[in-house]
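Everything below concerns the one structure shown next.
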Amino acid sequence: RALLLGLLLMVSQQLSGVNAIFFYSTSIFHTAGLRSPAVGTLVTGVVNVLSTGAAVALVERAGRRPLLLCAICGMCVCALALTALLGAGAGAPASASLVVVCASIAFFEIGLGGIPWMIGNELFPPSCRPSGMALCAAVNWLATTLVALGFPLLQARLGPNCFLPFAACLALSFVLVRAGLPETKGRTVEQTQAALLRA
């Protein structure tokens, strides 16, 4: 069960669409009509750094599970909003797409950015932690490659709806995390394992 949850979080991290934004932000902002797509990319980088700092401050106060659920929900809403903005084309202000992308990155950093790596260490007992985390890391990189190679195909096939598959993945992740992931903050591995058996 711990391994399944660890793998779920790693796949959710990549299928959230954040790397589609990071890898193809200039293209996305160009499609959205932003006058200077490169500036938009720079702004997203700054937001990424600032949000990471906020995540460090929040994770021990708010707990892992609430932050994950909040972040996944926020990213899903952002993916739907970005789809609507891209679909509206010239009818939507280009700056709105930048705001939505920045909000999505901020949600990612406070939730799916770092917590899957942290929770993995808290889910696995010491005897199988190295192999469990190694497998999770391998799946994470596999999903990253899938997004990197697959997003241009999504853009070509779905056009402005290219973020809908990510929204669907985020909605499914929300349901699965809510149903199966216990809070690990302040718990020993043994307590977390017991909570997993009760979930």
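The values are calculated or read from the model by the stated rules, or taken from the named source; none is laboratory data. Note that this is a predicted model, so its numbers are computed, not measured. Neighbour counts run over all protein chains shown; Cβ positions are idealised from the backbone, glycine included. Just the protein is used for accessible areas: all its heavy atoms, side chains included, with ligands, DNA and RNA removed. Shrake-Rupley method; radii C 1.70, N 1.55, O 1.52, S 1.80 Å.
With respect to the conditions (1) within 30 Å of residue 24 (Cα to Cα); (2) out of contact with any helix residue (DSSP H, G or I) (no Cβ under 8 Å at 6 or more places or on another chain); (3) at pLDDT below 90, residue 138 lacks only one, and its number is (3).
For residue 192, the stated conditions hold: it is in contact with an Asp or Glu (Cβ under 9 Å, 6 or more places away or on another chain), outside any loop (DSSP other than H, G, I, E, B) and more than 13 Å from residue 8 (Cβ to Cβ). So is residue 186 at pLDDT below 85 and of a type in the set (Gly, Ala, Ser) or not? Judged against the criteria, residue 186 is a match. Give the number of residues within the stretch 4-20 that are surrounded by 16 or more Cβ atoms within 10 Å (Cβ to Cβ) and either on the phi > 0 side of the Ramachandran plot or more than 16 Å from the chain's Cα centre (by Cα) (or both). Selection size over the stretch 4-20: 1.
Going by what's in this entry, would residue 128 be described as within 13 Å of the chain's Cα centre (by Cα) and under 28 Å from residue 175 (Cβ atoms)? Taking the combined requirement at face value, the residue does not satisfy it.
Within the stretch 32-74, restricting attention to residues that are small (Gly, Ala, Ser) and open to solvent by less than 20 Å² (accessible area, probe 1.4 Å), the residue that is modelled with the lowest pLDDT is 32.
Taking the stretch 94-110 as the range and being modelled with pLDDT under 90 and either under 14 Å from residue 67 (Cα atoms) or touching a helix residue (DSSP H, G or I) at 6+ places or on another chain (Cβ under 8 Å) (or both) as the test, the residues that pass are 94, 96, 97, 98. Taking the stated definitions as given, is residue 23 open to solvent by less than 40 Å² (accessible area, probe 1.4 Å), assigned to a helix (DSSP H, G or I) and out of contact with any strand residue (DSSP E or B) (no Cβ under 6 Å at 6 or more places or on another chain)? It is false that residue 23 is open to solvent by less than 40 Å² (accessible area, probe 1.4 Å), assigned to a helix (DSSP H, G or I) and out of contact with any strand residue (DSSP E or B) (no Cβ under 6 Å at 6 or more places or on another chain).
Looking across the stretch 7-20, the residues that are among the aliphatic types (A, V, I, L, M), assigned to a helix (DSSP H, G or I) and under 22 Å from residue 135 (Cβ atoms) come down to 7, 8, 9, 10, 11, 18. Could you check, for the stretch 82-90, whether at least one of its residues is within 20 Å of residue 173 (Cα to Cα) and in contact with a helix residue (DSSP H, G or I) (Cβ under 6 Å, 6 or more places away or on another chain)? Yes: the stretch 82-90 contains one or more residues that are within 20 Å of residue 173 (Cα to Cα) and in contact with a helix residue (DSSP H, G or I) (Cβ under 6 Å, 6 or more places away or on another chain).
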